[in-house]
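What follows is calculated from the coordinates using simple rules that are stated; it is not laboratory data. These figures come from a predicted structure and were not determined experimentally. Cβ coordinates were reconstructed from backbone atoms using ideal geometry, including for glycine residues, and neighbour counts include every protein chain displayed.
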Amino acid sequence: MSKVEVASTARRQTRIEPSALEEFAKNFRGELLKPGDAGYDEARAIWNVMIDRKPALIARCRGVADIRAAVNFARENSLLVAVKGGGHNIAGNAVCDGGLMIDLSLMRSVRIEPDTRIAHVEPGATLGDFDCEAQAFGLATPLGINSTTGVSGLTLGGGFGWLTRKYGMTVDNLVSVDVVTADGKFVHASEKNHPDLFWAIRGGSGNFGIVTRWEFKLYPLGPEVYVGLVVYSLDDAKPVMAKYRQFVSKADDNTSVWFVMRQAPPLPFLDQKYYGSDILVFACFHPGSQSDAQKAFEPVRQFAKPLGEHFGLQPYCTWQTLLDPMLTPGARNYWKSHNFAEISDGLAEVLVKYAKMIPHPETEIACACLGGAASRISPSATAYPHRNAVHVMNVHGRWREASDDEKCISWARNLFKETAQFSSGGVYVNFLTQEETGDRVKTAFGSNYERLLKTKKKYDPQNLFCMNQNISPDE
């Protein structure tokens, strides 16, 4: 192998000698890719095409031995490191310029123990991989809402989805993890073993090591669930949102109703005359019986006169792909986020104002409804601290052409500023964009920041794992 120019942890250019590369490659079972190699551009590509970084070397791992070798190689040569699981993170932390990209996407095994209701998940697995295997036994755990999202990145930030009101955050259902730490050691962490590391992994982003195996609790679900969509005109948003606020305050843990403001896509149950119009959509999920679900959703159907609706039994795996067509790779994406305790009249007014100024048909304002079981866990129980966040807003800017960057990003930032006064504090760490660093990261980790900093200094004092919502050990 020839010399490779790489970026160091200090972001300076350095060189890796051929002998060092050859020694690294000798026992590496996966692929080592350099710029110009076949498969290099495909391996470095991630979901958000606004991120276009070029690692000097990509290590596509096939097992724990490969991960340990890559971590040791990076540390011994002071390389800038990025770690790719699903490659879905909005900030693009899965890929770096000039350094070593440790690619876990070949490691996608999901093994289910149906008797003990436990899932063992490799670090490159997606939500679709997980759901497919778990649903083969009628089981599930709280995950996200897009099947192409990586399980690892989702969990490292806390993780939430349709089952969160019933069973808590993704991290609340984590039993144990296997981790390769910055010193190259293999550590099994749980409530009993390395509890400080296990605590930090559950919401502390990728700051503490590379998780090589996740172990989750599972719950009976499906294979079909009763779900639905109700579409209202955005012109009816004021009274509808007031009724929604009352509905959420009384909803039980089984009832999850999220909302989206956007321009109407070509939904098959919606009259074509409404395509492209400003709409308010409620997505409804219930893991219980059909009769209980129908009763729970009836008020949502009566908020106003709907433009269209569709309810019925659907395979859980199908429901988990509902948003996939709107979140395909290949678009430019920019997000901004706040947490809210409720959707007040003032907040709803601002959201409607900006929804009527949406700069691109693929852009939307989405708001997940959490609470329930997730809110009854102490903020200090896991690194994820925002247990008072009932509503998590994602201002999802999405468009295709670079020429639209300025108007789309400005729209998102202005909406973010105007809604800040209604925030309950904090932000979901997985929704932070690449420019949100420093104090914004501290906001994401909230009251747990100092404990996370202490754990970072113990497990990664040289900040090898810095391509994340970073906690610098130098503080």
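The angle separating the long axis of helix 64-76 from the principal Cα axis of greatest extent in the chain is about 70 degrees. Pairs spanning more than 26 Å between alpha-carbon atoms, out of Lys250/Lys356; Lys166/Lys417; Lys238/Lys273; Lys243/Lys295: Lys250/Lys356; Lys166/Lys417. What the phi angles of segment 17-29 give under the Karplus curve with 6.51, -1.76 and 1.60, with θ = phi - 60°, is a coupling list of 6, x, 5, 5, 5, 5, 5, 4, 6, 4, 10, 8, 6 Hz, glycine and proline written as x. Coupling constants for segment 157-166 follow from the phi torsions by the Karplus curve (6.51 cos²θ - 1.76 cosθ + 1.60, θ = phi - 60°), and in residue order they are x, x, x, 8, x, 5, 9, 5, 5, 7 Hz; glycine and proline get x. Working note: Karplus 6.51/-1.76/1.60 with θ = phi - 60° gives segment 378-388 the couplings 4, x, 8, 5, 9, 5, 5, x, 8, 6, 8 Hz, where Gly and Pro are set to x. With respect to the cross-link table entries Lys34/Lys454; Lys84/Lys217; Lys185/Lys454, which display a Cα-Cα separation exceeding 30 Å? Correct reply: Lys34/Lys454. Of the trypsin sites (Lys or Arg not before Pro) found in segment 271-379, those that fall in a DSSP loop while having at most 13 other beta-carbon atoms within 10 Å are Lys356.
Run the helix sum for the chain: -39,500 (n - 2.57) per DSSP H stretch of 4+ residues, divided by residue count, reported at 222 nm to the nearest 500 deg cm²/dmol.
-7500 deg cm²/dmol
Helix 345-355 and the long axis of the chain differ in direction by around 70°, with both axes built from C-alpha atoms.
Assuming charge only on the beta carbon of Lys and Arg (+1) and of Asp and Glu (-1), the dipole of the chain about its Cα centre is about 660 debye to the nearest 20.
Where does helix 449-459 land angle-wise versus the long Cα axis of the chain, in degrees 0 to 90, nearest 10? Result, in degrees: 30. Residue separation of Glu42 and Phe186 scaled by 0.36 nm, minus their Cα-Cα distance, works out to 48.9 nm of gained length.
Applying 1/(1 + (r/R0)^6) with R0 = 51 Å to the Cβ-Cβ distance of Met357 and Ser289 gives a FRET efficiency near 0.75.
Tell me, in nm to one decimal, what length is gained between Gln434 and Glu406 on full extension, where the rule is 0.36 nm per residue of separation less the Cα-Cα distance? Working shown, then result.
On the way: separation 28, 0.36 × 28 = 10.08 nm, distance 1.59 nm.
Separation in residues times 0.36 nm, less the Cα-Cα distance, equals 8.5 nm.
Taking neighbour Cβ counts within 10 Å as the exposure measure, how do His396, His120 sort from fewest upward?
Details: His396 22, His120 17.
Neighbour counts put them in this order, fewest first: His120, His396.
Order of Lys417, Lys217 from fewest to most other C-beta atoms within 10 Å?
Details: Lys417 11, Lys217 17.
So the residues, fewest neighbours to most, are Lys417, Lys217.
Report the relative contact order of the chain, percent, no decimals, based on alpha-carbon pairs under 8 angstrom and at least 6 residues apart. Each step should come with its number before you reach the end.
Values: 1123 pairs, mean separation 74.9, N = 475.
Relative contact order comes out at 16 percent.
What's the FRET efficiency of Glu76 with Glu475 using the Cβ-Cβ distance as r and R₀ = 25 Å, to the nearest 0.05? My answer for the efficiency is 0.45. Note on Lys458 and Ile377: with the Förster distance fixed at 25 Å, the Cβ-Cβ geometry gives a FRET efficiency of about 0.55.
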